[in-house]
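Student: Got a structure here, written out as structure tokens. Questions coming.
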Amino acid sequence: MLRAMLRDLRAHKGRLAMMLAAIVLGVGFMVATWVVSDSTARTAGGGAARTDVAICAQALEPESGFTPAERDRLAALPGVTRTNGVRLGYAALVAADGKLAGVWPDRAGTGWDDSQRFVLADGRAPRAGELALGEQVAAAAGLTVGDTARVILADGSSVRPVVVGLFTYRPLGAEPIPSLAFAGDESAVLLGDRFDRVELATASAADETRLALQVKSIVDGEREVRTGAELTAERERMVADNARSVREVMLVFAAVALVAGMFVIANTFTMLVAQRTRQFALLRAVGASARQVRVAVLTEAAVIGVLGSTVGAVLGVLLGIGALAAFRPEGTTVAYTVSPFGIAAGYLAGVLVTVVSAYGSARRGAAVAPVAALRTDAALPRRALLSRAIVGGVLVVGGVAAVAATSGVDLDNTGRFVSMGGAIAVWLGLVVLAPFLAMAALRPLATLVGWRGGPTAKLAVRNALRDPRRTAATASALTVGLGLVCGFAVVGESFANVAGATTRDQVPAGTTVVQPALDGSRLGPEVVTKVRATPGVAAAVALTRAPVEWAAGDRPLGTTSMSPVDPAAFERVLTMPVVEGSGDLRRGAVVLRGNADLNRLDVGDTLTLTVAPGVTRRVPIVGLYRGWEGQPGIFLDEALVPAEHRGVLEAVYAAGSGARAGLDAAFADRPDILVTDRDGLVERLVKGFELVLAVIYAMFGAALVIAVFGVVNTLALSVLERTREIGVLRALGAGRTFVRRVVRRESIVITCYGGALGLLVGIGVGAVMQHVMLLQPLWPVGVPVPMVAIGVVGMVLVGVLAAVWPARRASRADILAAVATE
Amino acid sequence: MTADTAVRASGLTKVFGSGGARVVALDGVDVTFERGRFAAVMGPSGSGKSTLMHCVAGLERPTDGTVHIGGTELTGLSEQKLTAVRRDRIGFVFQAFNLLPTLSAWENITLPLDLAGKKPDQTYSDAVVDALGLRDRLHHRPAQLSGGQQQRVACARALVTRPDVVFADEPTGALDSRSSAEVLTLLRRCVDEFGATVVMVTHDPRAAERADRVVTLADGRVVA
Ligand SMILES: Nc1ncnc2c1ncn2[C@@H]1O[C@H](COP(=O)(O)OP(=O)(O)O)[C@@H](O)[C@H]1O
Ligand SMILES: [Mg+2]
């Protein structure tokens, strides 16, 4: 019996190919994801772990580094065979084009040593006046051995060393990877003489334990002592964590592909089983049990699953390696890693998805009554829709209620959770209700084309309506993809509006802003002095930010961010919109409104802030300011915070009519510093967010591809089922073009329906997301018009593309098929 | 071809396959069907009845020979022209799967006109609908009609374009004896009341009795 079925399968090559393609795509994506994430993590983690460190004494803060004298004291401990002090400091590399190279300069500089940290890839070790660069950074900056590089140091001065070597770096533990190595002695001058850490080597393992204790007794509070083994373990953990987080993001795509693939597979099995109803009935009539039929279908699925997974795994490995090779920065090496675990996961997913999707068909196939063999129109039983209606209805109503109940902008965490949960429930409900929605949307359309439309439109719409469940399922890939993208686009639009509006509120038009050129980097303290001294600057306020533990009375609130500022300069330069209370920082703290709502705080409450280790301050809240979520949670008087704990200097705002010209001139030679104005600030904020959105828009591409797949599959199935009908049409005088057009229109009807639903749901969910994330009112939201336009065009395109092949098949349908009586 | 000849086939030969699998389904068939007459094509199973009908109706290209319908020669016509001939000059009644399930009875009836982009002639189509007793079934879907009613709709559809000839391949094959009789009466009335030309393929001698003329095939040749 099995042999009969396999032979039968071979006879349906087209469908088999489609199903295999779905599995291959899903599994391939998954395995490729694994290869890419493992390899990138391995590459980023550097080569093999270091073996030349037994004990490492590490400063916890950059300020608490080891002096050379302290290093020598550690070196003098008995049993120490080698000592290596590691300096890390600010070093901003200027690329060949005069712009800042894309490495965060904060701890990018180090001193060369002959430990296992550096592996020379080219050239030689640097001497005084020379520099070695990490090979990836050099490639990205367009620098190579023999070039003269410019490096800006912490105090704003520059040096111009010659690049003499390129290296790869083997990090210790979770340390950030430095990419500029100066000569060891010279690094004391350029980066400061303090060591970030001191690495010790010992002759034997026995020494190691004893030494660790000794080092611990010497080294004081703001430093920690770890063994080499601990650090190696930490590094392995970090590499694995990195791989996992890269993988998690990418697996979302693979999962989308697999889920969509599941739909294609299930659909194909439905087709195959529907076609073979009579064959099954015959088998049953001659004595096969229902179980035998079921097992046969499932075995078939497993065979196909294994086949598809094998091809998918091979393809995935190739795809992963190919992608890594293609996107690898020039002149760098990638540690290609193919883990057996990834391949196993791909196999498992592929086979499981296939068997699970085939299960429904197998059951239905086995349920075929033997008498069906005797009928010419043997059909499969259909499931009832009632439970679907109830579940979907409950989800939608409940979800809408949850969102409505939390529509105010003063959301705490529970409110956010309820609101977002409501939106997701509505979305799920709509997916469950999709067949009804399809009917509700397409019936009026059918009536309309029934009156006015030509025969093509009439047939197309009615065909789409024939099996609303199938239509809805087909459209679901589009609905989900477009919904996601639209939702995030709404959030993006809202973010741009909020960021723009609040920045315009807070920063007067003529203000000049000095920021690090690389987002997330910091400014040196000399920048503030320099800004204040620049002619044309009337007043300047430095905005630093530091994490701070806070509590309201006895209620601990965890950690937030504080910005200690000079109240006079702050008031003079910026115009913080205070929505409640006053903005007088001399009398207390001003809290971000969203932050206050989230923690149920109000004006008049007293905060307990741990502004530095062991230093707590009790500060009343004097006002709430309107800002967006990324801004400091608390503004307070800098006098309350010890100078060395005021945090990272993020920006300096300067007032004064001549400030822009003066600062432009003052920082003309500092590619690591950006001088801009209010509009530039807004633009930068929005651009940063757009980068995040770009990733999400890439999902639209994936959704489109998958949607095409799903629609092709369904149309192919429909065309197949309607061979006779198409024959009748052709016999009655419909040309091939007409038949093709009917299929194409049906496809467009389905995709437009799915797309329209996706757009609507996306805008709705996006409205809730921006409400929850940005604490903006639910409505009105800015609708991202270009996104919607692209969506609409995309839908039609998907419809047309997906119909190409099924339409051609339909137009080639045998007319005689309609006439033949078997 | 005289004015009262609706269909003429001469030297019609159809060969399927080649080599060992070669089947001569039609072997030099000469046959004419007169306008306004009800002709039956009979013969044992496999004698070539269906093949003859397909070739004559332009659904299949003959290996050799010519076919004229209402003065137009089909052999050598392009696919598009053939489609137009089928649409405008030929009506079909099939054994089963006659109607498009998504269209109402009325929409099915007017489908050929719809395809041609023509408006139905209201008085004529009313007459056809009334004659076939379909007035109160026009807005039903095929699934809501009995087998006999479906065949009536198919007959109405075949008549509505006033074709040169209506071909019916085993129109009673899937029906019980009462419905069969009804459909035969119907075809008879198409000829008598609307002056249609009907060519019906059947292997049922009782069906052939209702025809004006019987053409008998055996092994791809006309024997009577
Ligand atoms: N598409 C085809 N391919 C090969 N042989 C065919 C095909 N169609 C019909 N035949 C053969 O041609 C002969 C006549 O068939 P047909 O016209 O269907 O006979 P009837 O309708 O009288 O039963 C039969 O032997 C049949 O096997
Ligand atoms: Mg026949």
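Student: Would you count, across the protein assembly as shown, every pair of lysines whose alpha carbons are under 29 angstrom apart, provided the pair is eight or more residues apart or spans two chains?
Tutor: Number of lysine pairs found: 11.
Student: Next up: Taking 1 over the mean of 1/r across every pair of different Cα atoms in the range A:55-239, what Kirkwood radius in Å do you get?
Tutor: So the Kirkwood estimate lands at 16.9 Å.
Student: Along the charge dipole of the protein assembly as shown, pointing to its positive end and built from +1/-1 on Cβ of Lys, Arg, Asp and Glu, which listed residue (A:A302, B:L184, B:C155) has its Cα farthest out?
Tutor: B:L184
Student: Skip the ligands, DNA and RNA, and give the accessible area per residue of the protein assembly as shown with a 1.4 Å probe, whole Å².
Tutor: It amounts to 42 Å² per residue over the protein assembly as shown.
Student: Given 10 °C and 1.306 mPa s, compute D for the range A:72-118 with the Stokes-Einstein relation, Rh being the Kirkwood radius over Cα pairs; round to the nearest whole µm²/s.
Tutor: 120 µm²/s
Student: Moving on. Assign unit charges at the C-beta atoms only (+1 for Lys and Arg, -1 for Asp and Glu), then state the dipole size of the range B:31-129 relative to its Cα centre in Debye, rounded to the nearest 20.
Tutor: 100 debye
Student: Taking the DSSP beta bridges in chain A as the whole, what percent of them are antiparallel, to the nearest 5?
Tutor: Once the DSSP bridges in chain A are tallied, antiparallel ones form about 80 percent.
Student: Something else: Counting DSSP beta bridges with both partners in chain B, what percentage is antiparallel, nearest 5?
Tutor: Once the DSSP bridges in chain B are tallied, antiparallel ones form about 50 percent.
Student: What distance in nm separates the two pseudo spin-label positions at A:R466 and B:R141, each 7 Å out from Cα along the beta-carbon direction?
Tutor: 1.1 nm
Student: Which ³J(HN,Hα) values in Hz, rounded to whole numbers, follow from the phi angles of the range A:98-108 under the Karplus curve 6.51 cos²θ - 1.76 cosθ + 1.60, where θ = phi - 60° and Gly and Pro get x?
Tutor: x, 8, 5, 5, x, 10, 5, x, 3, 10, 7
Student: Quick one: buried accessible area between B and A, total over both chains, 1.4 angstrom probe, nearest 100 Å²?
Tutor: That pair of chains buries around 2300 Å² in total.
Student: Accessible area of the range A:55-239 with a 1.4 Å probe: how many percent of it is carbon plus sulfur?
Tutor: 53 percent
Student: Sticking with this one: Work out which residues of the range B:49-70 lose at minimum 30 square angstrom of accessible surface when the other protein chains are put back, relative to the chain isolated, with a 1.4 angstrom probe, and list them by number.
Tutor: B:H54, B:L59
Student: Oh, and also: How big is the equivalent ellipsoid of the range A:571-684 along its three axes, where each semi-axis is √(5λ) from the Cα gyration tensor, reported in whole Å from largest to smallest?
Tutor: Ellipsoid half-lengths, sorted descending, are 30, 18, 13 Å.
Student: Name the residues of the range A:731-773, by number, that are at least 30 Å² less accessible with every protein chain in place than in the isolated chain; the surface is that of heavy atoms, probe 1.4 Å, without ligands or nucleic acids.
Tutor: For the range A:731-773, once contacts with the other chains are taken into account, A:A731, A:L732, A:G733 lose 30 Å² or more.
Student: Quick one: longest stretch of chain A between exposed loop trypsin sites (Lys or Arg not before Pro), exposed meaning at most 16 other C-beta atoms within 10 Å and loop per DSSP?
Tutor: No qualifying site falls inside A:128-374, the longest such stretch.
Student: Can you tell me the 0 to 90 degree angle between the C-alpha axis of helix B:79-89 and the longest principal axis of chain B, rounded to 10?
Tutor: 50 degrees
Student: If you don't mind, there's one more thing I want to ask. For chain B, what mean projected area does the convex hull of the alpha carbons give, in nm²?
Tutor: 12.4 nm²
Student: What is the angle, in °, between the Cα long axis of helix A:678-721 and the longest principal axis of the Cα atoms in chain A? Nearest 10 is fine, range 0 to 90.
Tutor: Orientation of helix A:678-721: about 20 degrees from the principal axis.
Student: Heads up, I need the accessible area for A:E580: 1.4 angstrom probe, whole protein in place, Å², nearest 10.
Tutor: Rounded to the nearest 10, that gives 80 Å².
Student: Within 10 Å of each Cβ of B:107-118, how many other protein chain Cβ atoms are there on average?
Tutor: Averaged over the peptide's residues, the number is 4.
Student: Using the Karplus curve 6.51 cos²θ - 1.76 cosθ + 1.60 with θ = phi - 60°, work out ³J(HN,Hα) for each residue of the range A:655-661 in order, rounded to whole Hz, and write x for Gly and Pro.
Tutor: Values per residue, Gly and Pro as x: 9, x, 5, x, 4, 4, 4 Hz.
Student: Search the structure for amide H atoms under 5 Å from the amide H of A:L166, placed 1.01 Å from N in the peptide plane, and list their residues when 5 or more places away or on another chain.
Tutor: A:A121, A:D122, A:G123, A:R124, A:L133
Student: Would you mind getting me the FRET efficiency between A:A174 and A:E61? Use the beta-carbon distance for r and R0 = 22 Å, nearest 0.05.
Tutor: 0.90
Student: Remind me, relative contact order of chain A in percent, using alpha carbon pairs under 8 angstrom and six or more residues apart?
Tutor: 15 percent
Student: Now a separate question. Can you give the Rg to Rh ratio of the range A:625-689, both from alpha-carbon atoms, with Rh computed by the Kirkwood formula?
Tutor: 1.00
Student: A follow-up question, please. Could you calculate the FRET efficiency of A:S407 with A:A440 from 1/(1 + (r/R0)^6), where r is the beta carbon distance between them and R0 is 35 Å, rounded to 0.05?
Tutor: The formula returns an efficiency of 0.85 here.
Student: Next question, about the same structure. For B:166-174, what's the mean count of beta carbons from other chains sitting within 10 Å of each residue's beta carbon?
Tutor: Across the residues of B:166-174, the mean count of other-chain Cβ atoms within 10 Å is 1.
Student: Mind putting a number on the dipole of the range B:5-222 about its Cα centre? Charges go on the C-beta only, +1 for Lys and Arg and -1 for Asp and Glu, and I need it in Debye to the nearest 20.
Tutor: Numbers: 26 positive and 25 negative charges, 33 e Å.
Dipole magnitude for the range B:5-222 comes out near 160 debye.
Student: Can you compute log10 of I(q)/I(0) for chain A with the Debye formula, treating each Cα as one identical point scatterer, at q = 0.06 Å⁻¹?
Tutor: -0.55
Student: Follow-up question, since we're still on this one. Once the Cα atoms of helix A:455-466 and of chain A are each reduced to a long axis, what angle between those two axes, in degrees from 0 to 90 to the nearest 10, is obtained?
Tutor: So the helix axis and the longest Cα principal axis differ by about 80 degrees.
Student: Quick check on the protein assembly as shown: helices-only [θ] at 222 nm, where DSSP H runs of length 4 and up contribute -39,500 (n - 2.57) each and the sum goes over total residues. Nearest 500, please.
Tutor: The helix contribution divided over the protein assembly as shown gives -17500 deg cm²/dmol.
The values are calculated or read from the model by the stated rules, or taken from the named source; none is laboratory data. This one's a predicted model, so the numbers in the text were calculated from it and none came from an experiment. Counting neighbours? That spans all protein chains shown, and the Cβs are built from the backbone with ideal geometry, glycine included. What goes into the accessible areas is simple: the full protein's heavy atoms, side chains included, and nothing from ligands, DNA or RNA. Shrake-Rupley method; radii C 1.70, N 1.55, O 1.52, S 1.80 Å.
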